[in-house]
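Reading through the structure tokens given below for one structure.
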Amino acid sequence: MQGPVLRAGEQVPDTTTDQRLLDSQGSASWLHTDPWRVLRIQSEFVEGFGTLAELGPAVAVFGSARTSSDDPSYAAAEQLGRRLAETGLAVITGGGPGIMEAANKGAAEAGGVSVGLGIELPFESGLNRHVNLGINFRYFFARKTMFVKYAQGFVVMPGGFGTLDELFEALTLVQTQKVTSFPVVLFGSSYWQGLLDWFRDTALRHGSVAQRDLDLLQLTDDLDEAVALVAAGRSGG
């Protein structure tokens, strides 16, 4: 027996767990095995829960990391972050550049809580300078849990694959009632209308989605409306 695990025949290892633990001359390859990763995953959840447990009402803002500071979407995200903070809502982003930086900047400059949930990526380095409460994650799924658990709604600005991943994650959780009363707001009709048209004209007609699924999405170009929609979201964790 190895704790709760039974091994027999060829599955019996040559050494015991304690022996490998106490062998200072042994290989460090154990650092990269799946059982050790479980502890790393656990530590990310513990760190996230411990850091954000007393955050209070918050809204997640998603959007492209590639958006430049002179793009109208950057200015809109900055104003969005500011208005959310002025409403008493913390702003949670992925902590990176572009739209994320803009929303964090608006929230921080308004005196609000500006949260960045970073992720280890080969082409991004650290959290943007406007984050005043930040956590870096190794694992996307641990990071996604923090977004959903501690945000009462999502505002989705123009973005690419990462933004779409976060959008559809949120929609799936609402559709399957894993979370309830969770507003998902698409900001920027010129960017998102084509996606909504495809849902209605193709996916809905094909029977892949229902009208009630499409009703989960709310499209706006008005910052005040976006803030009002997410401010009316759930208050629990």
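The values are calculated or read from the model by the stated rules, or taken from the named source; none is laboratory data. Keep in mind it's a predicted model, so treat the numbers as computed, not measured. Note that each Cβ is placed from the backbone with ideal geometry, even for glycine, and that neighbours are counted across all protein chains shown. Keep in mind that these areas ignore ligands, DNA and RNA; they rest on the heavy atoms of the full protein, side chains included. Shrake-Rupley method; radii C 1.70, N 1.55, O 1.52, S 1.80 Å.
Working from label points 7 Å from Cα in the Cα-to-Cβ sense, the Leu21 to Tyr139 distance is 2.1 nm. If you wrap segment 1-140 in the convex hull of its Cα atoms and look at it from every side, the mean projected area works out to 11.8 nm².
Return the FRET efficiency for the residue pair Asp213, Ala75: r is the Cβ-Cβ distance, R0 is 35 Å, and the value is rounded to the nearest 0.05. The calculated FRET efficiency here is 0.65.
In the context of the full set of protein chains, residues of segment 34-137 present 47 Å² of accessible surface per residue (probe radius 1.4 Å, heavy atoms only).
Here the chain is assigned +1 on the Cβ of each Lys and Arg and -1 on the Cβ of each Asp and Glu. Its dipole about the Cα centre then comes out at about 420 debye.
Projecting the Cα atoms of Val184, Leu22, Thr51 onto the charge dipole of the chain (Cβ charges, centred on the Cα centre) puts Leu22 farthest toward the positive pole. May I ask you to derive the FRET efficiency for Ser181 and Glu86 from their Cβ-Cβ distance with R0 = 25 Å, giving the value to the nearest 0.05? Efficiency at R0 = 25 Å is approximately 0.65. For segment 106-181, averaging the sequence separation of C-alpha pairs within contact (under 8 Å, six or more residues apart) and dividing by the residue count gives a relative contact order of 21 percent.
When the alpha carbon gyration tensor of segment 103-187 is reduced to an equivalent ellipsoid, its three semi-axes come out at 22, 16, 13 angstrom, largest first.
Solvent-accessible area of segment 161-237 (1.4 angstrom probe, protein heavy atoms only): carbon and sulfur portion equals 51 percent.
The packing ranking, built from the mean of other Cβ atoms within 10 Å per residue, places the peptides 195-205, 177-187 in the order 177-187, 195-205, highest first. Counting every alpha-carbon pair across segment 64-118, the share separated by more than 17 Å comes to 24%.
Placing dummy labels 7 Å off each Cα toward the beta-carbon, the span from Ala203 to His32 is 3.9 nm.
Computed from Cα atoms alone, the Kirkwood hydrodynamic radius reported for segment 33-82 is 14.1 Å. Extending 7 Å from Cα along the Cβ direction at Phe161 and again at Gln11 yields two label points whose distance is 3.7 nm. The mean of 1/r over all pairs of different alpha-carbon atoms in segment 125-231, once inverted, gives a Kirkwood hydrodynamic radius of 15.2 Å.
Normalising the Debye intensity of the chain to I(0), with uniform scatterers on Cα atoms only, and taking log10 at q = 0.16 Å⁻¹ returns -1.06. What ratio of Cα Rg to 2.2 N^0.38 Å holds for segment 178-225? Cα Rg divided by the expected 2.2 N^0.38 Å: 1.23.
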